Amino acid sequence: MGKTLFEKIWDAHVVIEKENNPSLIYVDRHLVHEVTSPQAFEGLRLNNRTVRRPDLTIATMDHNVPTKDRGLPILDQTSAIQIHTLEKNCKEFGIQLFDMNSPNQGIVHVIGPQLGITLPGTTIVCGDSHTSTHGAFGALAFGIGTSEVEHVLASQTLWMEKPKSFEIRVEGKRKNPHAVTAKDIIMSIIKNIGTAGGAGTIVEYSGQGVSDLSMEQRMTICNMSIEGGARAGLIAPDEKTFDYLRNRKYTPKNYESLVEYWRENLKTESDAKFDKTFTLRIDNIAPQVSWGTNPSMTCDVTEHVPFPEDYSKGDQNQKKSAERALEYMDLKSGTPITEIKIDRVFIGSCTNARLEDLVEASKVIKGQKVAKNVQAMVVPGSQMVKKEAEELGIDKIFIDANFEWRESGCSMCLGMNPDILSPGERCASTSNRNFEGRQGVGGRTHLVSPVMAAAAALEGHFVDVRQLDWD
Amino acid sequence: MEAFKKIKTIVTPLDQINVDTDQIVPKQFLKLIQKSGFGKYLFYDWRYDENENQKQDFVLNDKKYQNSKILVTGENFGCGSSREHAVWALQDYGFLVIIAPSFADIFYSNCFKNGILPIKLEEKMVEKLKHESGELEVDLENQLLKTKTEEIPFEISPYQKIILLEGLDEIAQTLQLEDKISEFEKHSKIPSVL
């Protein structure tokens, strides 16, 4: 029986394998940021250990950093200390750091691919659950905890039970690929499989619906694998993948010979078997809007806020959880999604803050203004994305429409910096999690695509972006 | 890490599914650079109102459960963010065992690094334990939960079991395999970043 892509990458990285035990897996790339690393570096110091492979380790600051007034000192002392600690640790242990003033700074999952650090067939880890993003390049990439960050720093390896494999086939063609985006595809998948549907597995996304996507769109898909419970999501590399990574800052010198090897080897063999499969047809899917407090609580923009008993299909725990979600979100069952008014719009995050996301959203708002009472902001995923967008004049389109145009970082996706919702505020957000309080205590998050967020900004409530006259 | 010993306390029932790590420890507390002292932030937004007064309807604020070391909860516990701070908060607060029908992958793995035992049991059994009024004994060595009336076996991988029972420093163990890691590196096709 042939191997899946995941099994091939796994097998190529096993250092030690013993029956009934986890395997020791080699890590090719370790990405580090300020929030989940201080305790790991401290652990090394306490035990007199070093970083085994600083040349495979790259750091940036993204979670905590302010997105405006970067020239001024950081007002929040605890944030300042955390950021300073990363600088100190990188210096002490000889790790390359892209700090707040670096043109390469940005959300770690945006800069990895942009700099050519992310490569097909590699293992990539980071103390962040959205490390799954890098799977779009055919890398086995997953989030780890801080103890594991310390373990990788010290040994460049990890102990891991081999996960199961899960194929998610995306079949068909979208009728309007500008209005129905990769975000809507992955949200539809999560709506179907549930927040734990991928638990214990590595997902491989396949089918025409995936191969049709650009690299940036594929990253949106893989990014939210963790929202479906899977630690990693993979897409087999193709010519789009190889083209994207060619001539990046850290693209390896022997790139073309690597490409030859990847082209030949990095795919699931036709007779390989997955432990689990699911197929989504996308010919008729609609733009998605989340209504609840986990990403599977999602519906079409044309639908109504569901009744808990319909959502839960007889499961009492699911029903209770939907009731609680509706109360937190202050929504009534039966309300059309398009009648939900919003206060804030956030276009950003490792899910949807790449150049293409910003370009598409800008087409929706060009020449128009954000609705009264709505406060809208764009936080580019990296300083490189910001610069490229500015070269195209995208920043002006947003600013003219009364969006704020910020510096790059994680920002209001998780609200560790000053960008947060006030209690009760409702936000159309292009991020990945609508958990209670995620964007600010008492804040209410609706997950949507960048074009849906842009359309909501103009109208002050959700609208079916397919019905607007744009592009 | 401290070795895991037998535990006998009442259980704290947290009757919710899909409890995410954002709820276990909210983001405003992730800026600290140490591992200790996170217990006071555990379930912060559920435990306290906007004036930092305890919310009476939240289970952790019920004095009855003050000395409980066992949390019993719903499926997919610990989903979302990889933040190990969630485990540090549970441990610092005093929980050493978490029982649920299922756990999110990263959270599950983080538990073992910090001396917490996550136990997967079938949903019916979890529901029953939520209503268990007496003390529950957790015996990791024999993989048994003991109530007044019954003994319930549970599964755990032999590797994780030893890590907990012996309180092993996993990194020290791995570094003894240096020759194997070096040997692997000699054959790796993947170039360095820089």
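The values are calculated or read from the model by the stated rules, or taken from the named source; none is laboratory data. This is a predicted model, so every value here is computed, not measured. In this analysis, Cβ positions are derived from the backbone assuming ideal geometry, glycine residues included, and neighbour counts consider all displayed protein chains. We work out accessible area using only protein heavy atoms, side chains counted, and drop any ligands, DNA or RNA first. Shrake-Rupley method; radii C 1.70, N 1.55, O 1.52, S 1.80 Å.
Chains A and B together bury roughly 5500 Å² of accessible surface, counting both sides and using a 1.4 Å probe on protein heavy atoms. Across peptide A:225-232, the mean count of Cβ atoms from other chains lying within 10 Å of each residue's own Cβ comes to 3. Per residue, region B:7-168 exposes an accessible area of 40 Å² to a 1.4 Å probe, with every protein chain left in place. Here region A:65-216 is treated with +1 on each Lys and Arg Cβ and -1 on each Asp and Glu Cβ, and its dipole about the Cα centre works out to around 460 debye. Normalised by 2.2 N^0.38 Å, with N the number of residues, the alpha-carbon radius of gyration of region A:52-92 equals 1.34. The order of the peptides A:150-161, A:386-397 by mean Cβ neighbours within 10 Å, most packed first, is A:150-161, A:386-397.
Its Cα gyration tensor gives region B:106-161 an equivalent ellipsoid; the semi-axes, largest first and in whole Å, are 21, 13, 10. Across region B:142-158, rounded Karplus estimates of 3J(HN,Hα) from the backbone phi angles (6.51 cos²θ - 1.76 cosθ + 1.60, θ = phi - 60°) give 9, 6, 9, 9, 10, 9, 4, 10, 8, 10, 10, x, 9, 9, 7, 6, x Hz, Gly and Pro being marked x. Legend: mean number of C-beta atoms from other chains within 10 angstrom of residue C-beta atoms, peptide A:117-123, equals 2.
Summing +1 for each Lys or Arg and -1 for each Asp or Glu among the other residues whose beta-carbon sits under 9 angstrom from that of residue A:414 gives +2.
Ligands, DNA and RNA are left out, and with a 1.4 angstrom probe the accessible area of region A:116-199 is 19 Å² per residue. Taking the DSSP bridge list for region B:7-168 and keeping only pairs wholly inside it, about 45 percent are antiparallel. Note on residue A:339 and residue B:40: with the Förster distance fixed at 45 Å, the Cβ-Cβ geometry gives a FRET efficiency of about 0.65. Close amide H pairs (under 5 Å, H built 1.01 Å from N) link residue A:233 with A:135, A:141, A:203, residues at least 5 positions away or on another chain. Computed from backbone phi with θ = phi - 60° and the Karplus coefficients 6.51, -1.76 and 1.60, the 3J(HN,Hα) list for region A:357-367 is 4, 6, 4, 4, 5, 5, 5, 5, 9, 3, x Hz; x is used for glycine and proline.
Proximity of backbone amide H atoms, modeled 1.01 Å from N, is registered between residue B:99 and B:71, B:72, B:73, B:119 at under 5 Å, excluding neighbours fewer than 5 places apart on the same chain.
For a straight C-alpha distance cut-off of 13 angstrom, the aspartates and glutamates reachable from residue A:18 (same-chain residues fewer than eight places away being disregarded) are A:161.
Under a 5 Å amide H cut-off, with hydrogens placed 1.01 Å from N, residue B:135 pairs with nothing among residues at least 5 apart or on other chains.
Can you list the GluC sites (Glu not before Pro) in region A:1-81 that are in a DSSP coil and have 11 or fewer other beta carbons within 10 angstrom?
Passing both the DSSP loop test and the Cβ count: A:19.
Classify region A:151-288 as rounded, prolate or oblate from the Cα gyration tensor: take a ≥ b ≥ c as the square roots of its eigenvalues, call it rounded if a/c is under 1.5, otherwise prolate when a/b beats b/c and oblate if not. It comes out oblate by the Cα gyration axes.
Our coupling estimate for region A:61-72, obtained by passing each phi through the Karplus curve with A = 6.51, B = -1.76, C = 1.60 and θ = phi - 60°, is 10, 9, 5, 9, 6, x, 10, 8, 6, 5, x, 8 Hz, Gly and Pro reported as x.
Net charge around residue B:140, counting only other residues with Cβ within less than 9 Å of its Cβ (Lys, Arg = +1; Asp, Glu = -1)? With Lys, Arg at +1 and Asp, Glu at -1, the net is +1. Principal axis extents of the C-alpha atoms in the protein assembly as shown (largest first, rounded to whole Å): 70, 59, 56.
All other residues whose Cβ lies under 11 angstrom from that of residue A:29 are scored, Lys and Arg at +1 and Asp and Glu at -1, for a net of -1. The equivalent ellipsoid that matches the C-alpha gyration tensor of chain B spans semi-axes of 32, 23, 14 angstrom, in descending order.
With R₀ set to 25 Å, the beta-carbon distance separating residue A:366 from residue A:214 gives a calculated FRET efficiency near 0.75. Contact residues in region B:59-100 (at least 10 Å² less accessible area with all protein chains than alone, 1.4 Å probe): B:75, B:76, B:79, B:80, B:81, B:82, B:83, B:84, B:85, B:88.
Radius of gyration over Kirkwood radius for region A:390-464, both on Cα atoms: the Rg/Rh ratio is 0.98. Taking the average, over residues, of other Cβ atoms within 10 Å as the packing measure, peptides A:130-141, A:170-181 rank A:130-141, A:170-181 from highest down. A crude spin-label estimate for the pair residue A:81 and residue B:52, with each label 7 Å from Cα along the Cβ direction, gives 1.6 nm.
Take each residue of peptide A:433-445, count the partner chain Cβ atoms within 10 Å of its Cβ, and average: the result is 4. Bridging of residue A:173 to lysines at a Cα separation below 21 Å is possible for A:183, A:191, A:240, once same-chain residues fewer than 8 apart are set aside. A simple packing score, the average count of other Cβ atoms within 10 Å per residue, orders the peptides A:449-457, B:185-193, A:435-443 as A:449-457, A:435-443, B:185-193, with the highest score first.
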